[in-house]
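The values are calculated or read from the model by the stated rules, or taken from the named source; none is laboratory data. As the structure is a computational prediction, the values presented were derived from the model and not from experiment. When we count neighbours, we look across all protein chains shown, and the Cβ atoms used for this are built from the backbone with ideal geometry, even at glycine. The accessibility values were calculated without ligands, DNA or RNA, using every heavy atom of the protein model including side chains. Shrake-Rupley method; radii C 1.70, N 1.55, O 1.52, S 1.80 Å.
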Amino acid sequence: MTPPGLPLTHPTRLLHGATLLLAAGSLAVALWHGLDERGVALAFGLLIAVGEFARWSGSDERESAPLGAAGALAYALLGEVAGRSTHHGVLQVVAVVAAASLLGCVPHVAKGRGPTADHLTRRILTVAFAAVCFQPLYNQGRLREWAGDGPAYAAIVVALLVLTVLWDAVLAAAMAHARTRWPFGPLLRDELRATLGIGSAVCATGAVMALAVAVAGLWALPVFSLPLLLTQLSFRRYAAVRTTYRQTIASLARATEIAGYTPAGHARRVAALSRAVGRELGLSGPELTVLEYAALMHDIGQLSLLDPVPAGATAALAPADQRRIALLGGAVVRQTGVDAEVAVVVERQADPYREQPVSARIVRAVNAYEEKAREAGPGGPLKALEELRLGTARDYQPEVVESLARVLARDGLTLPSAG
């Protein structure tokens, strides 16, 4: 997911521009020459528009409009309708998908539920890839020569769909990398992992729709849309539960602020910066979630202290005191029912870094940076980073500190050279 507020980078602008030219050119050709099989084009266009209209916003899911995606893929891989061959080509597929997607996105744009440009770019380029792989081969009769009308034909459609999924994952990871400069490898890994969720349902539905329409006609569209709509509803509920879970953890983390043990916003700042450092180091999506929750709750052990630590600055305490607070925090987290992995990170944040899991290393370094930078006043960020670098012999992993420096540099902080 792209963090809000980041400017578009040059490669992203180029990709948006190329997609706009492709969509505009396809629409112009369709308007000039007309549509082949207008009824089929209208049926799939309506399905895609309804799918985009039903898209949910504010979710972490990679595919928030599964019905629109499945309909678009099915149209790109459509060769027959009720046994009659179709003749629409790549440009018509792009034109129908672009027009229907734009129509379905209008209500979301009107309500300010963007961003839409990345979503449309990915949708159009993915469908164009599938259509380029399938339509020329089908229209030239090559697929019939190779596979006939039996199981081999279905296998080829599924294979092309797998290639399309891989292309979509690479495209999404490349767009996120261009925008955020996060490592490409972990981004691609997260995109591929996302296909195991609702992405697999989208792919399966797209393939089945194309094959079912070839045999039964357009009546197959509403029949095979219903299961995906039910799946979308389930994922929507799951996303709502996950959002509520995170809000609960954030509320628990604020207990130290309300009680006066830590400054206001400290846990939130540490969590945001820890997640950014985790991204820089290549952590996966589930690992980033554990890291964020642990960072939010890293100070909760201070609630067990009779005398609050001044300004909540645990990084200045003796190692034994840091260890005691960390163990108390881990015990509290376990009592709340939060994932045990989060408790492990919280209770091990005061260990020597060579004995810590990577998430605990990140939380420890980021928490120390936030405390030291806050206390040092003007010039605090530079001074805090230098103190962290001096502590890399035992307390802070050098790779984590330098990743933190790179993250801060992207936010506009001028840093001294490392080493």
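Structure notes:
- If you plug the beta carbon distance of L303 and H16 into 1/(1 + (r/R0)^6) with R0 = 56 Å, you get a FRET efficiency near 0.70.
- When the chain is described by a simple charge dipole with +1 on each Lys and Arg Cβ and -1 on each Asp and Glu Cβ, the residue from V157, L305, F53 located farthest towards its positive end is F53.
- A crude spin-label estimate for the pair V162 and A24, with each label 7 Å from Cα along the Cβ direction, gives 3.9 nm.
- With 0.36 nm allotted per residue and the present C-alpha distance subtracted, the L35-E399 stretch has 125.3 nm of extension available.
- A Gaussian network model of the chain, with springs between Cα atoms under 10 Å, assigns the largest mean-square fluctuation among L171, L291, L14 to L14.
- Averaged over its residues, segment 268-404 has an accessible area of 41 Å² per residue, based on protein heavy atoms and a 1.4 Å probe.
- Principal-axis tilt of helix 358-376 within the chain, Cα atoms, nearest 10 degrees: 60 degrees
- Stokes-Einstein diffusion coefficient of segment 123-245, Kirkwood radius over Cα pairs, 4 °C, 1.567 mPa s, in µm²/s: 79 µm²/s
- log10 of Debye I(q)/I(0), alpha-carbon scatterers only, for the chain at 0.06, 0.10, 0.11 Å⁻¹: -0.33, -0.76, -0.86
- The fraction of accessible area contributed by carbon and sulfur in the chain is 64 percent, rounded to a whole number (1.4 Å probe; ligands and nucleic acids excluded).
- About its Cα centre, the dipole of segment 326-398 is roughly 140 debye, where the only charges are +1 on Lys and Arg Cβ and -1 on Asp and Glu Cβ.
- Distance in nm between pseudo-label sites at R84 and R389 (7 Å out along the Cβ direction from Cα): 7.3 nm
- Computed from Cα positions, the angle between helix 380-390 and the longest principal axis of the chain comes to roughly 80 degrees.
- Relative contact order computed over segment 265-363 (Cα-Cα under 8 Å; 6+ residues apart), in percent: 30 percent
- Longest stretch of the chain clear of exposed loop sites (trypsin sites (Lys or Arg not before Pro), DSSP loop, at most 13 other Cβ atoms within 10 Å, sites excluded): 112-393.
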